[in-house]
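Single-structure report; data block below.
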Amino acid sequence: MSSLSYFEASARMRLSSLVDADTFSEFCPPQMRRTSPHLARLDAPTAFDDGIIVGRAKLAGHKILIAAQEGRFNGGAVGEVHGAKLRGLLDKALTEQPAAVLLLVDSGGVRLHEANAGLIAISEIMRAVLRVQAAGIPVFALVGGSCGAFGGMGIVTRLCSEVVMSEQGRLSLSGPEVIETVKGVEEFDSRDRALVWRITGGKLRRTLGDATRLVDDHIPAFRSAAIELIKRYQSEPLVPATLATLLAAQAKLTERSAVFSAARDGREIWQARFANASIIPELTVDEFNRQLEVST
Amino acid sequence: MNVLFNRLFQAHDIATEGLFLKGHANTGNQDVAVIGTIDHAAIDIQLALKIADAILDVVRTDVGNPPRQIIFIADTQGQALTRHDELLGLNSYFAHIAQSVDLARRQGHLLLTLINGEAVSGGFLAYGMLADRICALPDAEVRVMDLRAMSRITKISLEKLEALAADSPVFAPGAENYWRMGGIHEIWSRTDNWAVRLSAALDNIADTDSRADIGLTREGRMLAAPIAQLVAGS
């Protein structure tokens, strides 16, 4: 089982183990050597795929488009080429009409070596994700890698129809290191791993509803969740956001900020939600999911 | 702010509340909604809720009527940096703004951003960057991070970054760099008639995202458009 840890696996391993065997075909593959000229100019290492794999595949027989970010290359950060591959994949969804687009997010956000190109790319990806969903095609974010989903990719993740996370996955905007650097260690101690996990980790995000599924750190678990979601959207097609649904979301987010107006630790959220909050970090994913269901 | 509004509009009724502003104005030939932030606001959860609420309010008000154009006045130092905001999911609040902007676009509201002051990183991504047309006022500062901080994090010397910044728009701060890369459509000058420029900009709005193509035409972002097309055409 450990050999199929999602957290430990490379992006290529995650992708190939997730989709149906021998169905993946890659667009703009490493053989094309579309490396980042901006990294090269700064004498920084480059990669033939610029840290992202995009292509088409099948999942339980359904046609999908899929992207996987490689956290081991520059923290999965988005530069010009990397971002363009993801945007191009989303554009392709409009003509190809897959059952879903899967984004295996593993990224700290904008790649600083090409910061302006990265920021604009993230904005283009945000618009593209919204366009795809407005056309009725669901986009799923899978978050369980070592770099999590931060910065602009944290926003992109939350634009998706579904967010599947593992406990080890992290989802937020500014990284703890950034907050510590700017605001001081008393605001956010980035070396306190348990605290970082209670602020950004999968169980907290699932409790708040920002993640829609919590699964084990196991590639087959992510695969099963993605298949279930595809089947659900096949029977109940995605309805693009309306004024009514966004007003409801506004009310929910307003309530969250009112109820937790001074909260600074995930424990406070668990205490409000669970009878025995102190045991939440110890629960297995199955136990946690059952508790969550009971408390709803 | 009134000095700015007087230069932009024939008439305006725009109220500020802390770091947030909203209201409506007339450009001479049409009524527009105005939403924005001031004083280099750090966008936190409360501000994000106000921005999204104002956008949804314009959409709701215009149901059954011709959709007004929305002008975002962006002035932000970036996202708020607190543990509280991260705990509650500031990224989710920003995504909610983006979904509200997208709804407005789909309902036929054309969207224009005016950068007045600073447009930085996540604060700029949150709403200003999502408009159909983005204009920068003179002295607008646009960046992800200043070169000193970038040098610390990337461990590339400041001298090297400064030298490369001179002929590459790709990482150095500056509205001009974003213009070359297609991230900003227009930069206005101090001596321009801003009301005329605003009317012309509103006339030129298209609701498609052509920033990558513009970056290619202006030779500031040569790969984004061809690589996206390569993938989309695979």
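Annotations
- Computed 3J(HN,Hα) for the range A:36-52, one whole-Hz value per residue from the Karplus formula 6.51 cos²θ - 1.76 cosθ + 1.60 where θ = phi - 60°, is 7, x, 6, 5, 4, 5, 8, 6, 8, x, 10, 10, 5, 9, 6, x, 8, glycine and proline marked x.
- Among beta bridges that DSSP assigns inside chain A, antiparallel share in %, nearest 5: 40 percent
- For the segment B:160-172, counting C-beta atoms of other chains within 10 Å of every residue's C-beta and taking the mean gives 4.
- Computed over chain B with a Gaussian network model linking Cα atoms closer than 10 Å, the most mobile of B:Val142, B:Val101, B:Val196 is B:Val196.
- Computed 3J(HN,Hα) for the range A:100-106, one whole-Hz value per residue from the Karplus formula 6.51 cos²θ - 1.76 cosθ + 1.60 where θ = phi - 60°, is 6, 10, 9, 10, 8, 7, 7, glycine and proline marked x.
- Among the listed pairs A:Lys58/A:Lys203; A:Lys183/A:Lys252; A:Lys85/B:Lys155; A:Lys252/B:Lys50; A:Lys63/A:Lys92, those whose Cα-Cα separation exceeds 19 Å are A:Lys58/A:Lys203; A:Lys183/A:Lys252; A:Lys85/B:Lys155.
- Where N is the number of residues in the protein assembly as shown, Cα Rg divided by 2.2 N^0.38 Å: 0.92
- Legend: mean number of C-beta atoms from other chains within 10 angstrom of residue C-beta atoms, peptide B:215-225, equals 4.
- Listed residues A:Ala40, A:Ala225, A:Ala135, most fluctuating in chain A (Gaussian network, C-alpha, under 10 Å): A:Ala40
- Listed peptides A:115-124, A:60-69, A:198-207 appear in the order A:115-124, A:198-207, A:60-69 once ranked by packing, highest mean of other Cβ atoms within 10 Å at the front.
- 5 angstrom amide H check on A:Ala149, placed H, neighbours 5+ away: A:Ser107, A:Arg170, A:Leu171, A:Ser172
- Partner chain coverage, peptide A:18-29 - average Cβ within 10 angstrom: 1
- Whole-number D in µm² s⁻¹ for the range A:40-86, Kirkwood Cα-pair radius fed into Stokes-Einstein, 4 °C, 1.567 mPa s: 110 µm²/s
- Cα gyration tensor, the range B:75-150 - rounded (a/c under 1.5), prolate or oblate: oblate
- Local electrostatic count at B:Gly108 - Lys and Arg +1, Asp and Glu -1, tallied over other residues with Cβ under 12 Å: 0
- As a calculated quantity, the FRET efficiency between A:Val239 and B:Ala166 at R0 = 60 Å, using C-beta atoms, amounts to about 0.75.
- Placed amide H near B:Ala140: partners under 5 Å, 5+ positions off or other chain: B:Gly117
- Inverse of mean 1/r across different Cα pairs in the range A:158-296, Kirkwood, Å: 16.6 Å
- Between the helical axis of B:90-106 and the longest alpha-carbon principal axis of chain B there is an angle of about 60 degrees.
- Take the Cα of A:Ala277, step 7 Å toward its Cβ, do the same at B:Asp31, and the gap between the two points is 4.7 nm.
- Taking amide H atoms as placed 1.01 Å from N in the peptide plane, the amide H of A:Leu59 lies under 5 Å from those of A:Asp20, A:Ile64, each 5 or more residues away in sequence or on another chain.
- Percent antiparallel among DSSP beta bridges (both partners in the range A:98-168, rounded to 5): 0 percent
- Over the range B:126-234, the alpha carbon radius of gyration divided by the compact-protein estimate 2.2 N^0.38 Å works out to 1.21.
- Taken one residue at a time, the phi angles of the range B:65-76 give Karplus couplings (6.51, -1.76, 1.60, θ = phi - 60°) of 10, x, x, 6, 6, 10, 10, 8, 9, 9, 8, 8 Hz. Gly and Pro are set to x.
- Calculated mean residue ellipticity at 222 nm for the protein assembly as shown: -13000 deg cm²/dmol, from DSSP H runs with n ≥ 4 weighted as -39500 (n - 2.57), summed, divided by the residue count and rounded to 500.
- When peptides A:264-271, A:107-114 are ranked by their average number of other Cβ atoms within 10 Å per residue, the highest-first order is A:107-114, A:264-271.
- Summary of the geometry: the range A:263-285 and the range B:138-167, compared by the centres of their Cα atoms, lie 42 Å apart.
- Placing dummy labels 7 Å off each Cα toward the beta-carbon, the span from A:Met32 to A:Glu228 is 3.6 nm.
- DSSP assigns beta bridges within the range B:22-96; of those with both partners inside it, close to 40 percent run antiparallel.
- Distance in nm between pseudo-label sites at A:Arg191 and A:Ala21 (7 Å out along the Cβ direction from Cα): 4.8 nm
- Paramagnetic reach from A:Thr95 in the range B:207-234 [backbone N under 16 Å; point 7 Å along Cα→Cβ]: B:225-234
- Peptide packing: for A:230-242, A:140-152, the average count of neighbouring Cβ atoms within 10 Å per residue gives the ranking A:140-152, A:230-242, highest mean first.
- Relative contact order, percent, chain A [alpha-carbon distance under 8 Å, six or more residues apart]: 15 percent
- Radius, Kirkwood style, for the range A:91-250 when every pair of distinct Cα atoms is counted (Å): 16.6 Å
Each value in this text was obtained by applying a stated rule to the coordinates, not by laboratory testing. Please read all numbers here as calculations on a predicted model, not as lab measurements. Virtual Cβ from ideal backbone geometry, glycine too; neighbours counted across all protein chains shown.
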